[in-house]
Structures are given as C-alpha cells and as structure tokens.
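Peer 1: Before I ask anything, here is the structure I am working with.
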C-alpha cells in the first residue's frame, strides 16, 4: 500500500500583522523535518502543497521544490470566521492573547460546524469537501510515497475523517497538531488508514525540546 505523509507548516508569526509567514524557528523546524525524511531514505514520488505562504515556505525550507499546488490543503480562514462571529469587531484580547485566542477559536469552529456564521467566506461543508477533493488528487494513481504540506485544521479534519470520528473531534485534533509534525496515512485507491499522528521525530531530543510549538 502507498504512503501519504501530511506535514503541518512550521511555526508562523502569531500576533504579527502578517501571520502567513514562517518565523525563524519555523524555518529551522522545517529544515530539520526535511533532513529527517532524507536520513530515513523516504523519497516522495509526488509533492503537494497548499497555496498559503507559510505552507510553501515550509516546503522550501525542508529542501523540496517543484510541488503541485492545491488550495484544498489551505487552512480555514480563522480571521474571517472570527470577524464574522464578532461582526467585524474582534476583541483585542482574542487576537493578542494566545490562550484566549484558541479557546475562542474552538468555540467559533463548533458554531461553524453547526451551521452558524452564515456570512463567512466558506461554509463547513465547503471546507470538508475541498479537503476531500485535495486528498483524492494527492493520492491518485502514480505515486507510492506522497508528501503534503498543509495546516492544523486540515490535518485535524483529515484524521477525523479517516478514523470515522464525529465532526467536533476535528478541533480537538487541530489544537494538538505541532508545527512540522508528521501524520502518516496508508492508502490504496479510496481506502485510507491512519498509521501515525502528530509525530515529530526530528525534534524528539533534548537538543530540540524548545523547538516544539503549536501555532
């Protein structure tokens, strides 16, 4: 059976005017992830990345190029969802305090999943549908090892879908996904099986303990 490794992007710039860029730590996390795959002799036959800057920067810092780009692997637009919930007036604490931000985001995603936030740029159904389309494209015939660089929400939904978990499990998984973690899915045609979730072998040593991040 073929292997799909989905990697979350490296640490982005939380709280900055432009979140969609890697921090210096994010570039180093990505470099280490790429070095780990090469050390293991894991060579992808197909590389697919979302169109967000932080995703593409992660792939480049991993040492890979010439990917296919599929916007289905892009993260949900959390800025848009929060602005929709708060009618354009998101409290400063929500955007500036990490703990408050993620607690509020969790509540917002649950409302979105339940059919709320009607004015958002993307519905929950559209989000899950485009992920499935992206996964179908990435795992089409012709490759035995597929590398994808994506984001936490997409990975959370992918894993929840593969194991048949209820929708709200997506956010529980989303908030666990570490930067540059690797989740492995074994696939054959339309069949998919979770083999590994949220692994960071490239950071699993005292030397790199401080490199573990979640946003």
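Peer 1: Tell me, yes or no, whether the stretch 164-177 has at least one residue that is surrounded by 15 or more Cβ atoms within 10 Å (Cβ to Cβ) and either more than 14 Å from residue 154 (Cα to Cα) or outside the structural domain of residue 13 (by TED's automatic domain parsing) (or both).
Peer 2: Scanning the stretch 164-177, I find at least one residue that is surrounded by 15 or more Cβ atoms within 10 Å (Cβ to Cβ) and either more than 14 Å from residue 154 (Cα to Cα) or outside the structural domain of residue 13 (by TED's automatic domain parsing) (or both), so the answer is yes.
Peer 1: Could you look through the stretch 117-136, keep only residues that are surrounded by 16 or more Cβ atoms within 10 Å (Cβ to Cβ) and assigned to a helix (DSSP H, G or I), and pick out the one that is nearest to the chain's Cα centre (by Cα)?
Peer 2: Checked the stretch 117-136; the qualifying residue nearest to the chain's Cα centre (by Cα) is 131.
Peer 1: Would you be able to say whether some residue in the stretch 45-60 is at pLDDT below 95, outside any loop (DSSP other than H, G, I, E, B) and in contact with a helix residue (DSSP H, G or I) (Cβ under 9 Å, 6 or more places away or on another chain)? If you could, list the steps in order and put the result at the bottom.
Peer 2: At the first step, the residues of the stretch 45-60 found to be at pLDDT below 95 are none.
No, the stretch 45-60 has no match at all.
Peer 1: Run down 23, 61 and say which single residue is surrounded by fewer than 19 Cβ atoms within 10 Å (Cβ to Cβ) and in the same structural domain as residue 181 (by TED's automatic domain parsing). First the steps, then the outcome.
Peer 2: On the way: 61 fails: surrounded by fewer than 19 Cβ atoms within 10 Å (Cβ to Cβ).
Just one listed residue meets the conditions, 23.
Peer 1: Scan the stretch 187-194 and tell me whether some residue there is within 14 Å of the chain's Cα centre (by Cα), at pLDDT 95 or above and surrounded by 13 or more Cβ atoms within 10 Å (Cβ to Cβ).
Peer 2: no
Peer 1: Consider residue 159 carefully, then state whether it is out of contact with any helix residue (DSSP H, G or I) (no Cβ under 8 Å at 6 or more places or on another chain), in contact (Cβ under 8 Å) with a residue 12 or more places away in the chain and over 12 Å from residue 75 (Cβ atoms). Steps first, answer last, please.
Peer 2: Details: out of contact with any helix residue (DSSP H, G or I) (no Cβ under 8 Å at 6 or more places or on another chain): no; in contact (Cβ under 8 Å) with a residue 12 or more places away in the chain: yes; over 12 Å from residue 75 (Cβ atoms): yes.
No: the conditions fail for residue 159.
Peer 1: If you don't mind, there's one more thing I want to ask. Would the stretch 75-93 turn up any residue that is closer than 24 Å to residue 137 by Cβ and touching a strand residue (DSSP E or B) at 6+ places or on another chain (Cβ under 8 Å)?
Peer 2: yes
Peer 1: Could you tell me how many of the residues in the stretch 151-168 are under 14 Å from residue 124 (Cβ atoms) and part of a helix (DSSP H, G or I)?
Peer 2: 6
Peer 1: Being within 18 Å of the chain's Cα centre (by Cα) and not in a helix (DSSP H, G or I) is the requirement here; does residue 148 meet it? Walk me through it before giving the result.
Peer 2: Numbers: within 18 Å of the chain's Cα centre (by Cα): yes; not in a helix (DSSP H, G or I): yes.
In short, yes.
Peer 1: Assigned to a helix (DSSP H, G or I), within 15 Å of the chain's Cα centre (by Cα) and surrounded by fewer than 16 Cβ atoms within 10 Å (Cβ to Cβ): does that describe residue 100?
Peer 2: no
Peer 1: Still on this structure, I have one more. Residues 85, 40, 46, 54: which one is over 17 Å from the mean Cα position of the chain (by Cα), assigned by TED's automatic domain parsing to the domain that holds residue 165 and surrounded by 15 or more Cβ atoms within 10 Å (Cβ to Cβ)?
Peer 2: Details: 85 fails: assigned by TED's automatic domain parsing to the domain that holds residue 165; 40 fails: surrounded by 15 or more Cβ atoms within 10 Å (Cβ to Cβ); 54 fails: over 17 Å from the mean Cα position of the chain (by Cα).
None of the others qualify; the one that does is 46.
Peer 1: Something else about it: Can you tell which of 9, 83 is closer than 23 Å to residue 128 by Cβ and free of Cβ contacts under 8 Å to residues at least 12 places away in the same chain?
Peer 2: On the way: 9 fails: free of Cβ contacts under 8 Å to residues at least 12 places away in the same chain.
Being closer than 23 Å to residue 128 by Cβ and free of Cβ contacts under 8 Å to residues at least 12 places away in the same chain holds for just one of 9, 83, which is 83.
Peer 1: Among the residues of the stretch 169-189 satisfying the criterion of being free of Cβ contacts under 8 Å to residues at least 40 places away in the same chain and assigned to a helix (DSSP H, G or I), which is nearest to residue 74 (Cα to Cα)?
Peer 2: Taking the stretch 169-189 as the starting set, the residues that turn out to be free of Cβ contacts under 8 Å to residues at least 40 places away in the same chain are 169, 172-173, 176, 189.
In the following step, the residues that additionally are assigned to a helix (DSSP H, G or I) were identified as 169, 172-173.
Working: 169: 19, 172: 19, 173: 17 Å.
It comes out as 173.
The values are calculated or read from the model by the stated rules, or taken from the named source; none is laboratory data. The model shown is predicted, which means the values in this text are computed figures rather than measured ones. With ideal geometry, Cβ positions are generated from the backbone for all residues, glycine too; neighbour counts draw on all protein chains shown.
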